[in-house]
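Data first, discussion second: the structure below is written as structure tokens.
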Amino acid sequence: MATTALTSSNSQADAGPQASTPKIVCKDVWKVFGDKAARFLADHESKPNYDELTKAGLIGAVRDVSLKIHPGEIFIIMGLSGSGKSTLVRCMSRLIEPTTGEIIFEGQDLLKMTARDLIEIRRHKMGMVFQHFALLPHLTVLENVAFPLEVQGVDRATRHNSVLEIIELVGLKGRENYYPRHLSGGQQQRVGIARSLAVKPEIWFLDEPFSALDPLIRREMQDEFLRLQNLLKKTIVFITHDFDEAIRLADRIAIMKDGAVIQIGSPEELVISPANDHVAEFTREIPRPKVLSVSSVMSPVDDHVTCVGSVPADLKIEALAARVFEQDEPIAVTDREDKVIGQITREAVLDVLINKRSQK
């Protein structure tokens, strides 16, 4: 995955090193459920707090969210149940109508589009995968995957050839004529993924797609997901409540609470510099060696000590642990141009492994 580190000490900061135009942008997005919600927001200049909404009998499912998602990145949204993550993703595709704000997709405001134009964008540029597979039981694997193309009006021969390629891509070659009832849970989810890819989407929304699977199958599907992303380079918005899953998959993570995004950053940044106690508690049980990179625990180069070998600054401590214990000397740390920028010692790695070191 691409490195898209982004420090976000405040809740909505979202300026990254990416030079490309964002694929999708949310600006001051609100989704408030209740009577006269839009009027209430207008009266409060779109800045009511959580208590004011509650007192008015309103539910702030999404509150004043602003963020940017860049082409080719895996952007994960996390939060406890009821935090607003699924509502936010549905606002991004206008499956749920935001109360106010802007959703800019490829330079166009989705909230100003006609219903017909929006349907065309969903059919041709957006892929969606949800926790429940929602396969059509009377259709074969091939027919399920081809269904979105059939809706588009693609002729049978063209969609047949296109779908065969996608079925092979997700590892279901030979099962084209199986019905969903003949497939395992993991295989059914592969059909759901293949179906969402059939339209060759520009952006891919996934709402807890693996949470209903057994742990071993879930791990297999995460591997498959990463393999597909390495091939396809999609822009992905992925919802999960599992931080282990998030740190395996994410370029960046947004943490939500009570409808608001309270921090955006790489997994490492959330662990090292949590914005508040909620983020700190959310990440407290995460194994630091899986998340922390060498750069976060390296020390300045000691000219009086000879380093043995070198490692890249973005290497995770977990991957370095076995090597560092085989030698007494520190190891040089290099940047992307192979310039030495520091050194890593056995003691520093040990601090992380026994969880005594949570930040620089």
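The values are calculated or read from the model by the stated rules, or taken from the named source; none is laboratory data. Quick caveat: nothing in here was measured; it's all calculated off a predicted structure. Cβ sites come from the backbone with ideal geometry, for glycine too, and all protein chains shown count toward neighbours.
Applying the selection to the range 231-243, what residues are at pLDDT 90 or above and of a type outside the set (V, I, T)?
Listed by number, the residues that qualify are K233, K234, F238.
Inspection of the range 54-66 identifies no residue that is among the acidic types (D, E) and assigned to a loop (DSSP other than H, G, I, E, B). Number of residues in the range 124-160 that are closer than 19 Å to P201 by Cβ and not in a helix (DSSP H, G or I): the value is 11. So the check is Cβ under 6 Å with 6+ separation or different chains; which pairs have a first residue in the range 82-107 that's without any contact (Cβ under 8 Å) to a residue 60 or more places away in the chain and a second one that's surrounded by 20 or more Cβ atoms within 10 Å (Cβ to Cβ)? Close Cβ pairs (under 6 Å, with a partner that is surrounded by 20 or more Cβ atoms within 10 Å (Cβ to Cβ)) amount to R94/L110. Could you check, for the range 223-241, whether at least one of its residues is assigned by TED's automatic domain parsing to the domain that holds V279, free of Cβ contacts under 8 Å to residues at least 60 places away in the same chain, not hydroxyl-bearing (S, T, Y) and not in a helix (DSSP H, G or I)? No, because not a single residue in the range 223-241 is assigned by TED's automatic domain parsing to the domain that holds V279, free of Cβ contacts under 8 Å to residues at least 60 places away in the same chain, not hydroxyl-bearing (S, T, Y) and not in a helix (DSSP H, G or I). For I264, the criteria (1) under 18 Å from I354 (Cα atoms); (2) aliphatic (A, V, I, L, M); (3) touching a strand residue (DSSP E or B) at 6+ places or on another chain (Cβ under 6 Å) hold in every case but one, which is (1).
Mind checking whether some residue in the range 341-356 is assigned to a loop (DSSP other than H, G, I, E, B), modelled with pLDDT of 90 or more and either in contact with a Pro (Cβ under 7 Å, 6 or more places away or on another chain) or crowded, with 20+ Cβ neighbours inside 10 Å (or both)? No, the range 341-356 has no match at all. When each of I121, I104, I166 is tested for being at pLDDT below 90, outside any loop (DSSP other than H, G, I, E, B) and either among the hydrophobic types (A, V, I, L, M, F, W, C) or under 15 Å from A194 (Cα atoms) (or both), the lone residue that passes is I166. A residue that is part of a helix (DSSP H, G or I) and without any contact (Cβ under 8 Å) to a residue 40 or more places away in the chain cannot be found anywhere in the range 292-315.
In this structure, is G265 modelled with pLDDT of 90 or more, crowded, with 17+ Cβ neighbours inside 10 Å, touching a Phe, Trp or Tyr at 6+ places or on another chain (Cβ under 8 Å) and within 30 Å of D64 (Cβ to Cβ)? The answer is no for G265. When the residues of the range 283-300 are filtered to those that are hydroxyl-bearing (S, T, Y) and surrounded by 17 or more Cβ atoms within 10 Å (Cβ to Cβ), the one that is nearest to I253 (Cα to Cα) is T283.
Pick from K55, K27: which is of a type in the set (K, R), surrounded by fewer than 21 Cβ atoms within 10 Å (Cβ to Cβ) and touching a residue at least 12 places away in the same chain (Cβ under 8 Å)?
Criteria check complete, one pass: K27.
Against the test of being under 20 Å from F130 (Cβ atoms) and touching an Asp or Glu at 6+ places or on another chain (Cβ under 8 Å), the options I239, I264 yield a single qualifying residue, I239. Residue pairs whose Cβ atoms lie under 7 Å apart, sitting 6 or more positions apart in sequence or on different chains, and linking a residue in the range 116-145 that is assigned by TED's automatic domain parsing to the domain that holds R159 and surrounded by 21 or more Cβ atoms within 10 Å (Cβ to Cβ) to a partner that is among the basic types (K, R) and modelled with pLDDT of 85 or more, are V141/R175; N144/R195; V145/R195. Which of the residues spanning the range 271-282 are closer than 17 Å to I317 by Cα and part of a loop (DSSP other than H, G, I, E, B)? Across the range 271-282, there are no qualifying residues.
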